[in-house]
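Here's the structure we're looking at; comments come further down.
The values are calculated or read from the model by the stated rules, or taken from the named source; none is laboratory data. Predicted, not measured: the structure shown is a model, and the values here were computed from it. Cβ placement follows ideal geometry from the backbone for every residue including glycine, while neighbour counts extend to all protein chains displayed.
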Amino acid sequence: MTITNDRIVTDGLYQNKRTQIDPFAFDDSVTKVFSDMIRRSIPGYQSVVDITGLIAAKHLQPSALCYDLGCSRGATTASILNAVGDRECKIVAIDNSAPMIAAATANLVDPRVSFQHADIRDVEYVDASFVAANFTLQFLPPEDRLAFLRNVRNGLRPNGVFLVSEKIDDDNEFTELHLDFKRENGYSELEISQKRAALENVMKIDTQDVILARLNDAGFTRCRIWFRCLNWISILATS
Ligand code: GEK
């Protein structure tokens, strides 16, 4: 049985002028408002999460593992559980933020899920049929990304699927539209600029070509972009 009790708390973290902007961290204060923050910040977030569940349901095998990497409060895992219904499956949901793992553990009660507080670079992936990394890879240092992808690739069964969603460095007009999207969602100019400064050295984005070439280098054979909204994409890569 799955119980989800995520409580939405409005994000006002960057509302007041800060004298110093510390690097963005997935700490207690971010964890508390995270569900609101991510919906108001990433265009298409809810669609990506919802459809990740549907895609996972097609690839999950009862005897294989499913990983949710950078699970935050467990939204992607909840979507997968919702899509698989009562079917048997084993989901390992990992995040290196202790408050995020605590929130996910409290949100989702299901014997088919185990939450792990770990760095996704240190995990040995085994016998997986489906791996999701929704908006997580962009937080790894760029020089660690290829080794991480190779690890994931090696942990997938033949024809296993890796779903990876990222912000890309691309169209300037879409960057402008993203600012409009944030304004439309109630963020002020001060909130937008302070958050941008906080993320500057924490979230390093690549172009779509770099991401696809890296997946190719890591041994994924077939990479398809199944979603795009402004400068956010989601890719299905087959092992
Ligand atoms: C969702 N997928 O709601 N190891 C483990 N976790 C990490 C690491 C790392 N090295 N680096 C960052 N994280 C989620 C949203 S948020 C995206 C993912 C965003 C974790 C970090 O703690 C955070 O919870 C998550 O990756 C990124 O579907 O905030 O834009």
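Quick notes on this structure:
So that you can scan it fast, the table gives a plain yes or no per residue for (1) out of contact with any Lys or Arg (no Cβ under 6 Å at 6 or more places or on another chain); (2) surrounded by fewer than 14 Cβ atoms within 10 Å (Cβ to Cβ); (3) small (Gly, Ala, Ser):
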residue	(1), (2), (3)
205	no, no, no
209	yes, yes, no
224	yes, yes, no
230	yes, no, no
234	yes, no, yes
238	no, no, no
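- Number of the condition not met by residue 151 [criteria: (1) in contact with a Gly (Cβ under 9 Å, 6 or more places away or on another chain); (2) within 16 Å of residue 66 (Cα to Cα); (3) polar (S, T, N, Q); (4) surrounded by 15 or more Cβ atoms within 10 Å (Cβ to Cβ)]: (1)
- Among the conditions (1) part of a strand (DSSP E or B); (2) within 21 Å of residue 51 (Cα to Cα), the only one that residue 157 does not satisfy is (2).
- The set of residues from region 67-122 being near the ligand (Cβ under 10 Å from one of its atoms) and free of Cβ contacts under 8 Å to residues at least 12 places away in the same chain comprises just one member, 122.
- Residue match in region 6-27 (condition: in contact with a helix residue (DSSP H, G or I) (Cβ under 7 Å, 6 or more places away or on another chain), at pLDDT below 95, surrounded by 14 or more Cβ atoms within 10 Å (Cβ to Cβ) and not in a helix (DSSP H, G or I)): yes
- The helices (runs of 4 or more DSSP H) found wholly in region 29-138 and carrying at least 1 residues that are surrounded by fewer than 19 Cβ atoms within 10 Å (Cβ to Cβ), of a type in the set (Ser, Thr, Tyr) and at pLDDT 95 or above occupy 45-59, 98-107.
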